[in-house]
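Asker: Have a look at this one.
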Number of protein chains: 4
Amino acid sequence: MARDTARTQRPSEGTRDRLIDAAGTVLREEGYAGASARAIATSAGANPALVFYHFGGVDQLLLAALDRSSARRMELHQATAAQATTLEELVEAATTIYRTDLEHGYLAQFCELVAAAVTKPALRAEISSRSEPWIAFIEHHWERVVGGSPLGRLLPAREVAFAAVTYYLGVNLFSVLDEDSSRTDAVLDLAHRVAPRAKLLTMRFPGSGPSPEGR
Amino acid sequence: MARDTARTQRPSEGTRDRLIDAAGTVLREEGYAGASARAIATSAGANPALVFYHFGGVDQLLLAALDRSSARRMELHQATAAQATTLEELVEAATTIYRTDLEHGYLAQFCELVAAAVTKPALRAEISSRSEPWIAFIEHHWERVVGGSPLGRLLPAREVAFAAVTYYLGVNLFSVLDEDSSRTDAVLDLAHRVAPRAKLLTMRFPGSGPSPEGR
Amino acid sequence: MARDTARTQRPSEGTRDRLIDAAGTVLREEGYAGASARAIATSAGANPALVFYHFGGVDQLLLAALDRSSARRMELHQATAAQATTLEELVEAATTIYRTDLEHGYLAQFCELVAAAVTKPALRAEISSRSEPWIAFIEHHWERVVGGSPLGRLLPAREVAFAAVTYYLGVNLFSVLDEDSSRTDAVLDLAHRVAPRAKLLTMRFPGSGPSPEGR
Amino acid sequence: MARDTARTQRPSEGTRDRLIDAAGTVLREEGYAGASARAIATSAGANPALVFYHFGGVDQLLLAALDRSSARRMELHQATAAQATTLEELVEAATTIYRTDLEHGYLAQFCELVAAAVTKPALRAEISSRSEPWIAFIEHHWERVVGGSPLGRLLPAREVAFAAVTYYLGVNLFSVLDEDSSRTDAVLDLAHRVAPRAKLLTMRFPGSGPSPEGR
DNA sequence: TATGAATGAGTTTTCATTCAT
DNA sequence: GATGAATGAAAACTCATTCAT
């Protein structure tokens, strides 16, 4: 969805870029309600009309900004997740991903758009389709790490992916609503405490099937 | 917030009522972005200025509507949850609650306001404080059903409550974004599949304490 | 202009009273722009509709409040001015009057309405007619103290009265615009410095007829 | 505030201009209370939103209009005052200035804003600061004409300037409140009658140092 | 006398969007 | 590509005022 803008690098292709970055920044700092064409353009040092000239509208620009950060995140997180080979490492990776997103503001940016989509039905399809790659991402790594094990049979990849994204969204919302992040931390802690149990318990009888730990 | 309006039923105390109901309806059907004073008033067959006269503002009206449905839900769900005495029944009750909320549109209504709060920082505190009773609600029933058991020690009530509300929010968002509810259903199924395992595995050695399943 | 409200003292004639007082207070503290029927009624602990029931409108109420304080001031200031028998004492009395009005907030109240009248042509006649008694007041005391003297011939009472009221208004405005009152004080000081000169020069040769300067 | 608009005369730089002029006109004719964005825009044949686009708000536009006429007046009046070399000529100049302002409506325009500032505290600082140049103006000419003389010592420039502006404001108000200008004229006449006396008496013995009265 | 509800007009303000240049 | 001006729609909100009770 992020159109390749690298090749046709016109003289002030820079403006497009600056608008996209500014869109992300304003979205994070002022919320969707504050992300007007004028606010973004001002932050980018550009003319508001360019939002329409380049992107066709404010929402389209915001989506472009989401696409840009999604691409970066995907690359980043792919590397993180790839290193996990056990359930515990996977949970660890998930936590790392969450914290990274939080620190970089990606999370806030995404969250604002999800919230906006709820608020404004016209945006829903756009946001919905943009969550697909992430579901596939989780599916892939769950399958890779847990696939074939009893746990994998108990919890099929697709459903775990849904649950994870769902949870991720919920945590995001919470962290936005609650200034203090103690709740969020408590929720993340839970995952860490449960993971070892799940591993221990569901993988105890390796006899049956190609359990990865049977090695 | 919803004062007892039953007794002193002034001629058009009905208007207040109609506005509150219309606020819920419009919120569900048009989203927060579509819930302007005019839209709500039109739907209630009232003058838009009455939104300000009676409630002081659009957001206050929407919060009043939330409070009204929250009160109803709390009563309803309290009865549902009170019947659960095992973890499985608790999960069952949670599912029932969720489906009820979904069908009655309570869920969408709540969800719109949560999303609006993300979008509009000024609303955050209001929404945040309104989630407290629900956290207490979950805490109470978890403690009642699981408290004292090994599972209860592994998963303390407060954290479970956070996690549940978090999850509920995430599921809500998903169900709003995805017109088709297959994902949501898949996610709920997961809970049902995990619950028995959790029960089996964590409560197998009842020796210690008043485990409920030792019966 | 202040209708006699003492005789028909109905049970809650008190409300009328409270509205009048509240009108003065709100006018002083919030300015004419903030003196809405609702604001005044709230401050009086009364229903806004009573503003219309008792006075016919907001402006009429504000004028009634002005009339009330004018009556008080007239009584008060009459006593002050009556004691002056020389030009210097008259200037002294004027200063006392000004300071009293300032401290009691009468000045601010009057000033707000004058300003409102400028702003809102419909009020002009009302305010204009209410300055008449004060012009007569000044005329009277000037004539009494200075009349017949050379100074009195140089400066006829009516014109001095106009000048004084004019000046009074100007000083009011200034004192409202400038938070710090140093300018106002400087202006009042001028009067004190000029008065003795005027007295000295114009009254030195009382017997002598046409010219005070002995020309 | 009025940027040099002469050179880069964009197609409808004229609109800004027309708005400023219309603001002055409406202010004079309808009073501040009638000077809404819509009223001004209508009078200028422009879209009300342009008031905000170009000036940021109604008050800012009105202040811009004041600045424009202030600039014109300063130029005009500077020339008038510069010719005065005696006290009488100075009083004469002041009268000319006053009459010019009255005829051109500058006076009414200024007066409306002063009144509005009284009514609306937020405007006070803006108006207050805009009176500074005029105080300096008076100070300068008083010093130039009377400075060093006994009268100059009796009446220091700064205080005279305060008094003059104060008086000017008061007279303005009066002239606005009283449709008929006989009072205003009477007040101006006073000044003419007093001036020669003051001149005569205070400047008679130029060689003599401190006190004109030979004390 | 007093009240609460209701109304309609009007205000400021902001926005997405378009267009001529 | 970029700009500044312009537009029309819509929003939130306030107010004076009226009316039935």
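Asker: Please compute the length gained on full extension between C:Ser129 and C:Ser149, using 0.36 nm multiplied by the number of residues separating them and subtracting their Cα-Cα distance. Working shown, then result.
Answerer: Working: separation 20, 0.36 × 20 = 7.20 nm, distance 3.03 nm.
Between C:Ser129 and C:Ser149, full extension yields an extra 4.2 nm.
Asker: Let me ask something additional. Which of B:Gly45, A:Ala46, D:Thr86 sits closest to the plus end of the dipole of the protein assembly as shown, meaning its Cα is farthest towards the positive end, when Lys and Arg get +1 and Asp and Glu get -1 on the C-beta?
Answerer: It is D:Thr86, whose Cα lies furthest towards the positive end.
Asker: On to the next question. Over the protein assembly as shown, with the other protein chains present, what is the accessible area per residue in square angstrom, probe 1.4 angstrom?
Answerer: Values: 40140 Å² over 860 residues.
Per residue, the protein assembly as shown has an accessible area of 47 Å².
Asker: Using a 1.4 Å probe on the protein heavy atoms, what percent of the accessible area of the protein assembly as shown belongs to carbon and sulfur?
Answerer: 56
Asker: Treating the angle as unsigned and between 0 and 90°, give the value, to the nearest 10°, between the Cα long axis of helix A:182-202 and the longest Cα principal axis of chain A.
Answerer: The angle comes out at about 30 degrees.
Asker: Take every residue in peptide D:178-185, count the Cβ atoms of other chains within 10 Å of its Cβ, and give the average of those counts.
Answerer: 3
Asker: What does the average come to when, for each residue of peptide A:157-165, you count the partner chain Cβ atoms lying within 10 Å of its Cβ?
Answerer: Numbers: counts 0, 2, 8, 3, 3, 12, 12, 2, 5.
Per-residue shielding by partner chains comes out at 5.
Asker: Ignoring ligands, DNA and RNA and using a 1.4 Å probe, state the total buried accessible area between C and D in Å², rounded to the nearest 100.
Answerer: Working: alone 12240 and 12270 Å², together 20020 Å².
That pair of chains buries around 4500 Å² in total.
Asker: Work out, in µm²/s and without decimals, the Stokes-Einstein translational diffusion coefficient of region B:1-141 at 37 °C, 0.692 mPa s, Rh from Kirkwood over C-alpha pairs. List each step's numbers first, then the result.
Answerer: Numbers: Rh = 16.1 Å.
After rounding, the answer is 205 µm²/s.
Asker: Give the nm distances, rounded to one decimal, from C:Leu154 to the matching residue in every other copy, measuring between label points 7 Å along Cα toward the beta carbon; shortest first.
Answerer: Going from nearest to farthest copy, the values are 0.8, 10.6, 10.9 nm.
Asker: Something else about it: Mind putting together the pair-distance distribution for region B:90-202? All Cα pairs, 5 Å bins, whole percent per bin, short to long.
Answerer: 2, 10, 19, 23, 19, 14, 9, 3, 1, 0
Asker: Taking the label point as lying 7 angstrom from Cα along the Cα-to-Cβ axis, what are the distances from B:Glu126 to the corresponding position in the remaining copies, in ascending order and in nanometres?
Answerer: The answer, with the shortest distance listed first, is 2.6, 3.1, 3.7 nm.
Asker: Rounded to the nearest 0.05, what FRET efficiency is calculated for D:Ala122 and B:Asp21 with R0 set to 41 Å and r the Cβ-Cβ distance? Write out the running numbers ahead of the final one.
Answerer: Working: r = 40 Å, r/R0 = 0.97.
Approximately 0.55, to the nearest 0.05.
Asker: Determine, for each peptide in A:121-134, A:148-161, the mean count of other beta carbons within 10 angstrom over its residues, then list the peptides with the highest first.
Answerer: Numbers: A:121-134: 16.1, A:148-161: 18.5.
Going from most to least packed, we get A:148-161, A:121-134.
Asker: On the first, second and third principal axes, largest extent first, how far apart are the outermost C-alpha atoms of the protein assembly as shown in Å?
Answerer: So the three principal-axis extents are 136, 77, 49 Å.
Asker: Beta carbons within 10 angstrom, averaged per residue: use that to sort the peptides B:38-49, D:108-119, highest first. Spell out each step's value before the answer.
Answerer: Values: B:38-49: 17.5, D:108-119: 25.8.
For the peptides B:38-49, D:108-119, the packing ranking is D:108-119, B:38-49.
Asker: Mean separation of Cα pairs under 8 Å and 6+ residues apart, divided by the residue count of chain B: what relative contact order is that in percent?
Answerer: 18
Asker: Relative to the longest principal axis of chain B, what angle (0 to 90°, nearest 10) does the C-alpha long axis of helix B:157-177 take?
Answerer: 50
Asker: Between D:Gln78 and D:His104, what is the FRET efficiency for a Förster distance of 22 Å, r being their Cβ-Cβ separation, to the nearest 0.05? Don't skip to the end; give the middle numbers.
Answerer: Working: r = 16 Å, r/R0 = 0.71.
It comes to 0.90.
Asker: Return the FRET efficiency for the residue pair D:Thr86, A:Asn47: r is the Cβ-Cβ distance, R0 is 56 Å, and the value is rounded to the nearest 0.05. Working shown, then result.
Answerer: Values: r = 59 Å, r/R0 = 1.05.
Here the calculated transfer efficiency is 0.45.
Asker: Sort A:51-63, D:165-177, C:55-67 by the packing proxy (mean of other Cβ within 10 Å over each peptide's residues), most packed first. Show your work: numbers first, answer last.
Answerer: Values: A:51-63: 18.1, D:165-177: 23.2, C:55-67: 19.7.
In decreasing order of mean packing, A:51-63, D:165-177, C:55-67 become D:165-177, C:55-67, A:51-63.
Asker: Same structure, new question: What number, rounded to the nearest 500 deg cm²/dmol, is the helix-based mean residue ellipticity at 222 nm of chain A, given -39500 (n - 2.57) per DSSP H run of at least four residues and division by all its residues?
Answerer: Details: 10 runs with 160 residues, N = 215.
When only DSSP H runs of four or more count, the value is -24500 deg cm²/dmol.
Asker: Using a basic spin-label model with each label point 7 Å from the Cα along Cα→Cβ, how many nm lie between D:Ala191 and B:Asp185?
Answerer: Calculated label separation equals 9.0 nm.
Asker: To continue, here is another question. Just counting partner chain Cβ atoms within 10 Å, what average do the residues of peptide A:60-68 show around their Cβ? Don't skip to the answer; put the middle values down first.
Answerer: On the way: counts 0, 0, 0, 0, 0, 0, 0, 0, 0.
Mean partner shielding for this stretch: 0.
Asker: Copy-to-copy spacing for D:His104, label 7 Å out on the Cα-to-C-beta vector, in nm, shortest first?
Answerer: List, nearest first: 4.2, 6.3, 7.2 nm.
Asker: Taking the rotation that carries C onto D, look along its axis and tell me which residue of C has the beta carbon nearest to it, distance in whole angstrom.
Answerer: Nearest-to-axis residue on chain C, with distance in whole Å, is C:Gly170, 1.
Asker: I need the phi-derived Karplus couplings for region B:111-121: 6.51 cos²θ - 1.76 cosθ + 1.60, θ = phi - 60°, integer Hz, Gly and Pro marked x.
Answerer: For region B:111-121, the Karplus-derived couplings read 4, 4, 6, 4, 4, 4, 5, 5, 5, 10, x Hz, x marking Gly and Pro.
Asker: Helix A:87-104: angle to the longest alpha-carbon principal axis of chain A, degrees 0 to 90, nearest 10?
Answerer: Value to nearest ten degrees: 20.
The values are calculated or read from the model by the stated rules, or taken from the named source; none is laboratory data. What you see is a predicted model; the values in this text were computed from it and never measured. Neighbour counts run over all protein chains shown; Cβ positions are idealised from the backbone, glycine included. Ligands, DNA and RNA are excluded from the accessible area calculation, which covers all protein heavy atoms including side chains. Shrake-Rupley method; radii C 1.70, N 1.55, O 1.52, S 1.80 Å.
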